[in-house]
Structure formats: C-alpha cells, structure tokens
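Each reported figure results from applying straightforward, stated rules to the coordinates on display, with no laboratory input. None of these values were measured; they are calculated from a predicted model. Every residue, glycine among them, receives a Cβ derived from its backbone with ideal geometry; neighbour counts consider all protein chains shown.
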Amino acid sequence: MSGKLEKLLEGARSRPLTPIEKEEQRRSFAFGNANIENVRVTRRMVDEQAEELEKQITEGKT
C-alpha cells in the first residue's frame, strides 16, 4: 500500500463520524442484515421504518 493511501486511511480512522454519517451507516447495516433474511426488503423500507421510529422517539412514544 502506498504511503499516501496509508495516510488517508489513518486520517479516516481517527475522524469521528457526524450524526448524519452515523445514521447512514446504521440504516445501511439494518438493510444489509434484513436483506440477507428476506430479499424483498428494500432500502426504501428501511428508510421509512427509520423515519417512523425517529418520529415516535421525538414524540416520546417509545
């Protein structure tokens, strides 16, 4: 691996994720796992459920 690439990777490892990036990773993880179990699960379904969950949390229903 080149020195430049190693430096970029190290920088990425030490940089904290933003809340938006964390949410994107959470949804991607949820989709990947759900889709393994049921190929009919779509990213859109995961996004819709995540938004519904966020709405419930915001309204204090969970």
With (1) surrounded by 11 or more Cβ atoms within 10 Å (Cβ to Cβ); (2) part of a helix (DSSP H, G or I) as the list, and Val41 as the residue in question, which single condition is left unmet? (2)
Within region 2-17, is there a residue that is hydrophobic (A, V, I, L, M, F, W, C), surrounded by fewer than 10 Cβ atoms within 10 Å (Cβ to Cβ) and either more than 17 Å from the chain's Cα centre (by Cα) or assigned to a loop (DSSP other than H, G, I, E, B) (or both)? yes
For region 15-30, pairs from a residue that is closer than 14 Å to Met45 by Cα to a residue that is surrounded by fewer than 12 Cβ atoms within 10 Å (Cβ to Cβ), with Cβ under 6 Å and 6 or more apart or across chains, are none
